[in-house]
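Single-structure report; data block below.
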Amino acid sequence: MAIERTLSIIKPDAVGGNHIGAIYDRFEQAGLRIVGAKMLQLDDEKAGGFYAEHAERPFYNDLKSFMTSGPVLVSVLEGEDAIAKHRDIMGATNPKEAAEGTIRADFANSIDENAVHGSDSAQSAAREISYFFNEDEVCPRTR
Ligand code: RTP
Ligand code: MG
């Protein structure tokens, strides 16, 4: 299995709920390494550009409002099969449909405020990592 990188966001509801440590623990327990991290207050333009693929969807404005409602923690996670592994431990978009023990089942309240984001493909991961991080802000592990 290939070593991959994926972009993770702990969304404003989970940052506000004080769940950063619990969610990072899930990543590390799953064998994912945090190789980049920063806390950001997004504005409408930065959140909108990130979710540009959803610009025509009815929930786009609500999604931007939510994502700018408080700080987010953006991280680059690295590990074997990291993109799919991260999506697995996040759980389904709608927490009501998320499998038991997943991050969204345990920390999200609704489909609109669902605690975390994870890249959904290698192509998205590459775009999303470079959207938030310069190359020198991602630190490969040396030990
Ligand atoms: P994300 O991008 O945030 O990781 O979530 P996802 O891949 O599981 O879901 P996606 O289809 O990319 O949708 C992005 C975010 O938009 C909101 N959404 N609302 N009301 C709806 O039908 C609906 N569908 C999507 C969710 O908050 C989702 O996380
Ligand atoms: Mg998505």
query = At a Förster distance of 41 Å, what's the computed FRET efficiency of ASP62 paired with ARG143, Cβ-Cβ distance as r, to 0.05?
reply = 0.40
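Which value, in debye to the nearest 20, gives the size of the charge dipole of the chain about its Cα centre, when Lys and Arg are +1 and Asp and Glu are -1 at the Cβ? Can you show the working numbers first?
Numbers: 15 positive and 24 negative charges, 53 e Å.
Approximately 260 debye in magnitude.
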query = For the chain, which DSSP H helices look membrane-span-like by this rule: Cα extent along the axis of 15 Å or more and mean Kyte-Doolittle of at least -1.0?
reply = 122-132
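For a distance above 28 Å, tell me the whole-number percent of Cα pairs in the chain that qualify.
Of the Cα pairs, 11 percent sit more than 28 Å apart.
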message = Using the basic label-point model (7 angstrom from Cα toward the beta carbon), what is the SER110 to ILE3 distance in nanometres?
response = 4.2
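Quick check: at a probe of 1.4 Å, how many percent of the accessible area of region 52-143 sits on carbon and sulfur atoms?
With neighbouring chains kept in place, the figure for region 52-143 is 45 percent.
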ask   = Which loop GluC sites (Glu not before Pro) in region 1-73, with loop taken from DSSP, have no more than 14 other Cβ atoms within 10 angstrom of their Cβ?
value = GLU56
query = Which FRET efficiency value, to the nearest 0.05, do you get for ALA92 and ASP136 by plugging their Cβ-Cβ distance into 1/(1 + (r/R0)^6) with R0 = 22 Å?
reply = 0.05
remark   = Once the in-chain neighbours fewer than 8 apart are removed, the aspartates and glutamates whose Cα is under 16 Å from LYS38 read GLU78, GLU128, GLU135, ASP136, GLU137
ask   = Using 7 Å Cα-to-Cβ label points, what is the ARG33/ASN18 separation (nm, one decimal)?
value = 3.2
request  = Return the FRET efficiency for the residue pair ALA122, GLN41: r is the Cβ-Cβ distance, R0 is 30 Å, and the value is rounded to the nearest 0.05.
outcome  = 0.55
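The values are calculated or read from the model by the stated rules, or taken from the named source; none is laboratory data. Computed from a prediction, not measured in an experiment: that's the story for all the values here. Using ideal geometry, Cβ is built from the backbone for each residue, glycine included, and neighbour counts are taken over all protein chains shown. Side chains included, ligands, DNA and RNA excluded: accessible areas come from the protein's heavy atoms. Shrake-Rupley method; radii C 1.70, N 1.55, O 1.52, S 1.80 Å.
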